[in-house]
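The values are calculated or read from the model by the stated rules, or taken from the named source; none is laboratory data. What you see is a predicted model, and the numbers here were worked out from it, not measured in a lab. Positions of Cβ are backbone-derived with ideal geometry, glycine not excepted, and every protein chain shown enters the neighbour counts.
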Amino acid sequence: MKILFSSNVSWSIFNFRKRLLKSFQNSGHKIFTVANKDSYSKKLEELGFDFFELKFNNNSKNPISDLLLIIKYIFIYKKIKPDIILHNAVKPNIYGTIAANILKIPTINNISGLGTVFIKKSLSTYLVRYLYKYSQNKANKIFFQNSDDLNLFVNNKLIEEKKCRLINGSGSDINYFKPLNKTIKSKNFQFLFLGRLLFDKGIREYIGAAKMLKNKYTNVNFNILGPFALKNSSSIKREDLANWIQSKTIDYLGTTDDVREFLRNTDCVVLPSYREGMSKALIESSLMGIPIVTTNVPGCKDVIKNNVTGFLCKEKNIIDLTAKMERMLNLKRDDFIKMKYEARKRSVKLFDDNLIQKAYNDEITDVLRNLV
């Protein structure tokens with residue numbers, strides 16, 4: 001069987017869907033990937049997946065370019081002739097689905113987050129909602145990564161509930177992400193902001209909390225690990241980061257393909273995001289037994305259990321974030337060790353990517369069976 005996976009960039013497919021697609025390949029299926037070309041496109045080919053480049057601006061709101069995108073999808077899909085298409089990310093979910101429907105190819109979509117356009121309500125929000133409603137009613141199945149997103153779509157009559165299924169994110173390899181035998185806190189407590197350098201990820205609040213705690217404590221470090229996303233309207237500027245480093249507010253650790261080496265030297269991961277689908281960064285951190293401070297919003301609150309595996313704070317609230325980070329910093333040794341243990345225990349139960357692979361296999365089988 002030919003299985004095609006389409007997302008916005010190759011980086012996303014490689015980092016979030018590699019094991020899923022490899023499981024299909026190991027079952028004898030031919031895998032095709034479609035996305036914007038980047039440094040990870042070659043890595044997809046090295047895994048044995050066929051890669052097809054699709055050029056589009058993920059942040060463009062130009063209706064003409066979006067119409068052309070549908071035509072591009074039709075051209076590629078017609079060339080590959082897949083048996084089923086799996087979409088992820090906004091434009092593939094919308095325009096890829098429309099193209100697949102024209103060619104009568106079944107689709108399973110994954111709405112892994114609502115993005116900036118749903119966080120900042122505007123005319124674009126209503127346009128995207130309409131496009132979602134039109135396109136997703138042509139999909140055969142839609143995965144959601146948290147119940148808030150699913151309920152938003154169903155309650156606003158954007159999608160029929162019978163087409164929806166809730167899964168716990170994209171999962172992670174529980175044997176790859178496992179704790180180091182380190183139970184005590186570092187001599188200098190290490191906080192880590194892990195994610196793309198976007199204001200919507202709460203990096204402004206993290207910097208504010210770091211400044212307040214630096215004025216009060218000397219035994220604490222604040223680190224940032226993650227890439228710039230300069231094409232995103234929510235991206236920080238390079239000079240912002242340079243100023244934070246120069247003022248010794250934070251240390252920037254750059255980017256990595258293996259986050260484990262940094263997590264092993266981290267005492268607490270902080271992600272004050274405004275909204276997520278299901279945060280991969282938090283899942284991987286929890287699997288490695290790292291306590292978390294994050295916001296009480298969809299896709300973040302679902303990963304941790306408040307006061308058990310971490311602390312939830314208010315969205316866009318530097319004062320509350322600072323208080324929860326300070327509480328983590330001052331946890332007694334036994335409470336800190338217990339929180340690390342509970343983080344690993346809970347995440348293994350919920351976020352094993354074998355569960356996600358099974359969900360996809362079940363739905364692919366069901367969709368294709370119903371077409372016969």
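Six or more apart or on different chains, Cβ atoms under 8 Å: show the pairs whose first residue is in segment 37-63 and closer than 15 Å to Ile3 by Cα and whose second is among the charged types (D, E, K, R) and in a strand (DSSP E or B). Hits for this filter: Asp50/Lys30. Can you name the residue in segment 264-276 that is buried (at least 23 other Cβ atoms within 10 Å of the Cβ) and touching a helix residue (DSSP H, G or I) at 6+ places or on another chain (Cβ under 7 Å) and is also farthest from Phe16 (Cα to Cα) among such residues? Looking at residues that are buried (at least 23 other Cβ atoms within 10 Å of the Cβ) and touching a helix residue (DSSP H, G or I) at 6+ places or on another chain (Cβ under 7 Å), I get Cys268. Among the residues of segment 130-145, not a single one is in contact (Cβ under 8 Å) with a residue 60 or more places away in the chain, farther than 26 Å from Asn156 by Cβ, of a type outside the set (Ser, Thr, Tyr) and not in a helix (DSSP H, G or I). In segment 245-263, of all residues being hydrophobic (A, V, I, L, M, F, W, C) and under 18 Å from Asn188 (Cβ atoms), the one that is surrounded by the fewest Cβ atoms within 10 Å (Cβ to Cβ) corresponds to Ile245. For Asn155, state whether it is modelled with pLDDT of 90 or more, out of contact with any strand residue (DSSP E or B) (no Cβ under 9 Å at 6 or more places or on another chain) and closer than 24 Å to Asn8 by Cα. Judged against the criteria, Asn155 is not a match. Could we say that Ala35 is within 26 Å of Lys133 (Cβ to Cβ), buried (at least 20 other Cβ atoms within 10 Å of the Cβ) and modelled with pLDDT under 95 here? No: the conditions fail for Ala35. Checked against (1) farther than 30 Å from Lys22 by Cβ; (2) at pLDDT 95 or above; (3) polar (S, T, N, Q), Ser186 passes all but condition (2). Using the structure shown, decide if Thr218 is touching a Pro at 6+ places or on another chain (Cβ under 9 Å), modelled with pLDDT under 95 and not assigned by TED's automatic domain parsing to the domain that holds Asn59. No, not satisfied. Candidates are the residues of segment 155-174 that are free of Cβ contacts under 8 Å to residues at least 24 places away in the same chain and surrounded by fewer than 17 Cβ atoms within 10 Å (Cβ to Cβ); the one that is nearest to Gln136 (Cα to Cα) is Glu160.
Of all residues in segment 43-64, those being farther than 21 Å from Lys81 by Cβ and surrounded by 13 or more Cβ atoms within 10 Å (Cβ to Cβ) number 7. For segment 339-361, a tally of residues being without any contact (Cβ under 8 Å) to a residue 60 or more places away in the chain and crowded, with 16+ Cβ neighbours inside 10 Å returns 3.
Tallying residues that are among the acidic types (Asp, Glu) and either modelled with pLDDT of 95 or more or more than 30 Å from Asp173 (Cα to Cα) (or both) within segment 221-259 yields 3. Within segment 175-226, the set of residues being of a type in the set (A, V, I, L, M, F, W, C), assigned to a helix (DSSP H, G or I) and either without any contact (Cβ under 8 Å) to a residue 12 or more places away in the chain or surrounded by fewer than 21 Cβ atoms within 10 Å (Cβ to Cβ) (or both) comprises Phe199, Met212, Leu213. Gly310 passes every criterion in (1) more than 21 Å from Ser234 (Cβ to Cβ); (2) at pLDDT 95 or above; (3) surrounded by fewer than 24 Cβ atoms within 10 Å (Cβ to Cβ) apart from (3). So which residues in segment 233-271 are outside any loop (DSSP other than H, G, I, E, B) and free of Cβ contacts under 8 Å to residues at least 12 places away in the same chain? Across segment 233-271, the qualifying residues are Arg238, Glu239, Asp240, Ala242, Asn243, Ile245, Gln246, Glu261. On inspection, Lys30 does not qualify as at positive phi and at pLDDT 95 or above.
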